[in-house]
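The values are calculated or read from the model by the stated rules, or taken from the named source; none is laboratory data. Note that this is a predicted model, so its numbers are computed, not measured. Here the Cβ positions follow ideal geometry from the backbone for every residue, glycine too, while neighbour counts run over all protein chains shown. Heads up: the accessible areas ignore ligands, DNA and RNA and are worked out on the full protein's heavy atoms, side chains in. Shrake-Rupley method; radii C 1.70, N 1.55, O 1.52, S 1.80 Å.
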Amino acid sequence: MTNPQHADATGEDDPTQIVLRSVRLSAAPYLPPPVLNAIHITDSYLHVNHASFSSTYCHSEPSVSMLSALFSAYVVLRLIQGLQFWWTSTTKRSTAHLSGEEDAVLSGLSQNNKKRTDNKSAQDDDMPSFDETVVLCGASGAGKTALLHCLCTETDGDSCQPPMTTTSLVANVAYMNVTSSDNADEETKHETEAVRLVDYPGHPSLSTKLTSLLLPDQTARVVFIVDATKPVTDGVAILYKSILTNNQVRKAWKASGKTLSILIVCTKEDDKKAKNHKRMKIQIRNELDRLRKVDSAMEDVTGNGSTPMSIAKGKTIDLDDLGPDMPVLHFVETGLGIQGGDNGLKAVREFVRTGDLI
């Protein structure tokens with residue numbers, strides 16, 4: 001109820017006060033007693049000690065006014081975040097903010113064993129021929145685009161300064177030399193030998209479309225990126241659902257007579273919070289075990305589901321041997337900020353080029 005002293009000078013409540021009081025009265029039956037008590041104490045304190053402020057700025061409903069202001073601020077924040085996500089998702093490439101040479105590296109890397117000197121003319125060249133496709137995938141924010149940039153930018157030594165990237169809903173495509181200029185003979189130097197790299201976005205809404213890229217007629221091998229500074233839940237969910245237990249992927253690779261090779265790259269090892277690849281391997285195994293148990297339980301109840309991983313009862317998943325007709329997993333860690341040491345790029349480049357590890 002409203003005190004007459006809280007009404008305006010004309011004896012009538014202003015429209016804002018009427019709305020705020022209606023909100024309070026409507027919400028009161030659904031609020032727990034401690035919350036109602038807190039509202040009563042707050043309103044009483046402000047009415048007694050700050051009557052002028054309460055009537056002028058809070059329309060004699062201090063608690064509801066403050067809660068409404070906080071809710072409005074939250075709505076505005078979410079709206080700004082939504083607009084920001086829309087802006088980045090409609091950008092054709094997650095590296096669109098790069099300029100000049102950096103953008104050319106990712107958008108149209110020439111793999112004809114010769115350097116491009118004119119970035120503008122490079123935009124008009126035909127797409128280079130390639131022998132194989134390697135898919136880079138993983139959860140959003142794991143470092144896929146930064147790794148793509150470093151794989152396609154071979155400098156002296158093994159150092160790399162990746163550009164700042166943003167979330168994208170469109171895949172990046174780049175091309176990398178198969179044979180480096182150091183060990184190429186005169187004949188191969190004049191031939192086009194390239195591997196196409198597809199940096200597939202990690203947004204959850206696109207995980208179902210990833211399957212079409214992982215078939216043996218589309219890709220030769222997979223580089224799966226996980227962030228070593230964060231929990232593995234999101235990344236392992238993609239690995240489990242889109243690759244390891246996906247019916248289409250497993251049947252296609254089995255029919256081809258080939259084995260899918262996956263390099264799991266634990267990124268950001270130069271960060272103090274990062275876990276090494278051995279610890280990451282344990283966490284990935286535990287998360288896969290958890291998903292396998294949930295998947296098996298769902299299959300028992302509904303009779304539907306993906307093809308579960310065949311593991312003996314009471315046993316855990318062995319990442320070194322997932323079983324027949326299953327992908328082969330390799331692990332490596334990278335730290336693109338490591339200077340003067342092994343940052344893991346050589347091992348990743350070797351896997352991309354040949355499917356082997358150094």
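Take the conditions part of a helix (DSSP H, G or I), within 30 Å of TYR45 (Cβ to Cβ), open to solvent by 20 Å² or more (accessible area, probe 1.4 Å) and at pLDDT 85 or above and apply them to SER72. Does it pass?
The answer is yes for SER72.
Taking the condition of being open to solvent by 10 Å² or more (accessible area, probe 1.4 Å) and either closer than 19 Å to PHE351 by Cα or not basic (Lys, Arg) (or both), how many residues in segment 251-266 meet it?
Total satisfying the criteria: 8.
For segment 112-125, check the following and say yes or no: at least one residue is modelled with pLDDT of 75 or more and open to solvent by 40 Å² or more (accessible area, probe 1.4 Å).
Looking through segment 112-125, none of the residues is modelled with pLDDT of 75 or more and open to solvent by 40 Å² or more (accessible area, probe 1.4 Å).
Would you tally the residues in segment 231-250 being buried (at least 17 other Cβ atoms within 10 Å of the Cβ), assigned to a loop (DSSP other than H, G, I, E, B) and not β-branched (Val, Ile, Thr)?
Going through segment 231-250 one residue at a time, the tally reaches 1.
Among (1) assigned to a helix (DSSP H, G or I); (2) open to solvent by 80 Å² or more (accessible area, probe 1.4 Å); (3) of a type outside the set (Val, Ile, Thr); (4) modelled with pLDDT under 80, where does LEU79 come up short?
For LEU79, the failing item is (4).
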